[in-house]
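Below is one structure; the comments refer to it alone.
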Amino acid sequence: MSKVKLSEKIGYGLGDAAAGGITWKVMSIAFPLFFTNIFGLTVADTATLMLVARLFDVVTDPIMGAIADRTRSRWGTYRPWLIFGAIPLGLVFALLLYTPDFGPVGKRIYAYTMYLLMMVVYTAVNVPYGSLLGVMTDDDNEKNQFSSYRMVGAYAMGFITLLSFPYLQKMVGGSEAHQYAVLGVILGGLAALGTLACGLLTKERLKPVRAEKFSFKPFADLFRNKPWIYLTLIGICTNFFNGFRYAVAGYLLQYCLKGEVTFSGLIISYTVFMTFGEVTCMIFGGLSPKFTQWAGSKKKAFFWAAIICAVTSIAFFFIPMDPSYIWLMILMVILTSVGIGIYSPLLWSMYADVADYATQKNGTSSTGLIFSSGTMSQKFGSAISGALVALLLGIAGFISGTDANGETVVTITNEASVQNMIWALFSLFPAAIALLIILLLKLYPIKK
């Protein structure tokens, strides 16, 4: 087996820099606020859109995993999906951030069409990308390093994207709808380049043990695979945890802290607020293998990371809802991100362990199918959390929509109720999810 080069690890990291650091980060953090306050969807439409589109992926992700496992080409099994999916990914992402001059019905149709198409393209690229980890090396330490480069790439690009977002908006100028449309083209182009670079720089060294004829047996085998069941539940919970925080961050800055907070010339918009977490995740994602060695196993390292997330999330709830406490809030975001940074690479490395377990048990490779459950859990967790954020804000008194002239209208019927709901969605809801992760880790059987 040829030696793994540094350029290949960087190339693999660029894949999640594109998918996780640009497209998924913007979709998770900016889209709820974008759809209600800029695009002009109602809260109910936004909740339904995010729920239906991403639950659609709960079905398509495993199918894509099975298709990827059976792909044969001169570029390998999984790499061709990145090479040829790069441009569609960037193009559809750009169209999704465009606000057409339509009425309520036209906007609803456009949003649903583009969002569903984005989920299809994202699945066609990201499922093979995750599966690629299972065929680049059979060395467990190398897998951990690839996972760390993946997380560092995602969080580094997430840091750049979120920090630059408000400044790029000011540079573009014009209406907010125009700003998002231009940024969609810029960020979509970068996402396409990162995805293409990943496909070209990486190498598949292991040959999957193929089951060439399509069968539903691999799907049935998943539900007899206890490590897969518990890890998938853990994956869903981690995305619940992140999903609540990301989806509500924009509302927190705008409605709890009354808009942008500026400190010593630094614009602390909702994207910049979450940037402090991104850079922390980037650092501790790189340190995750060392932390895992110190803890003694991936399972134990994940356990302690989840405890950090639970404690700091609860602590955030007790910070006064006042802009003068912004740096205490940021400190708590940083401390929470220490835990997220540690467990994020571990999740994907543990999926590789589950894939190896399944191959040994069943005799054929289902690497793509198993890794697809990772992206499935990502979308399922963010779908439910994003939809719940919109629905709970609506119950609390947040109303949005488009008037007869196509203009976006937002009304708050109970300000205190909306503020308290936002605060709890950023702190207590994620804390409860972190405690559930701890319980599931106790039941996860693989102790590597």
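The values are calculated or read from the model by the stated rules, or taken from the named source; none is laboratory data. Because the structure is a prediction, the values reported are computed rather than measured. Neighbour counts run over all protein chains shown; Cβ positions are idealised from the backbone, glycine included. Just the protein is used for accessible areas: all its heavy atoms, side chains included, with ligands, DNA and RNA removed. Shrake-Rupley method; radii C 1.70, N 1.55, O 1.52, S 1.80 Å.
Name all residues of the range 121-140 having a backbone nitrogen under 19 Å from the label point set 7 Å from the Cα of Lys3 along its Cα→Cβ direction, giving them as ranges. Answer for this model: 136-140. For the chain, the longest principal axis of the alpha carbon atoms and the long axis of helix 226-251 meet at an angle near 20°.
A straight Cα-to-Cα reach below 15 Å connects Lys170 with the aspartates and glutamates Glu260, residues fewer than 8 places away in its own chain not being considered.
Here the contact order of the chain, divided by its residue count and restricted to Cα pairs under 8 Å and six or more residues apart, works out to 30 percent. In the assembled protein chains, Phe39 presents an accessible area of approximately 0 Å² (probe radius 1.4 Å). Comparing mean-square fluctuations of Ser324, Ser313, Ser385 from a GNM of the chain with C-alpha springs under 10 Å, the top value falls on Ser324.
Here the Gaussian network model covers the chain, with springs between Cα atoms less than 10 Å apart; of Trp81, Trp228, Trp304, Trp304 fluctuates the most.
Placing a label point 7 Å from the Cα of Leu391 along the Cα-to-Cβ line, the residues of the range 27-51 whose backbone N sits under 14 Å from it are 43-51. For the set Leu206, Leu132, Leu233, the ranking by accessible area, highest first and with no ligand, DNA or RNA atoms included, is Leu233, Leu206, Leu132 under a 1.4 Å probe. Once the 1.4 Å probe is applied to the protein heavy atoms, the chain comes out at 38 Å² accessible per residue. Just tell me the longest site-free run in the chain, where the sites are GluC sites (Glu not before Pro) in a DSSP loop having at most 13 other beta-carbon atoms within 10 Å. It runs 1-211. Round to a whole number: what % of the accessible area of the chain belongs to carbon and sulfur, probe 1.4 Å? Carbon and sulfur together cover 69 percent of it. Segment Ile186..Tyr325, full-extension length gain: 46.6 nm, with 0.36 nm per residue of separation and the alpha-carbon distance subtracted.
Taking only alpha carbon atoms, the range 1-133 gives an Rg to Rh ratio of 1.04, where Rh is the Kirkwood radius.
With every protein chain left in place and a probe of 1.4 Å, what is the accessible surface of Met282, to the nearest 10 Å²? It works out to around 50 Å². A helix-only calculation puts the chain at -25500 deg cm²/dmol for mean residue ellipticity at 222 nm, using -39500 (n - 2.57) for each DSSP H run of at least four residues, averaged over all residues. Expressed in Å, the radius of gyration and Dmax of the Cα atoms of the chain are 20.9, 64.
Taking the C-alpha atoms only, the angle from helix 367-396 to the longest principal axis of the chain is near 20 degrees. In nm, what is the difference between 0.36 nm times the number of residues separating Leu443 and Asp140 and their Cα-Cα distance? Length difference between fully extended and current span is 106.9 nm.
What is the percent of Cα-Cα separations in the range 128-179 that go past 19 Å?
Numbers: 676 of 1326 pairs.
Of all Cα-Cα pairs in the range 128-179, 51 percent lie more than 19 Å apart.
For the pair Tyr112 and Ala432, label points projected 7 Å from Cα toward Cβ lie 3.0 nm apart. Electrostatic bookkeeping for Trp75 treats Lys and Arg as +1 and Asp and Glu as -1; over the other residues with beta carbon under 13 Å from its beta carbon, the sum is +3.
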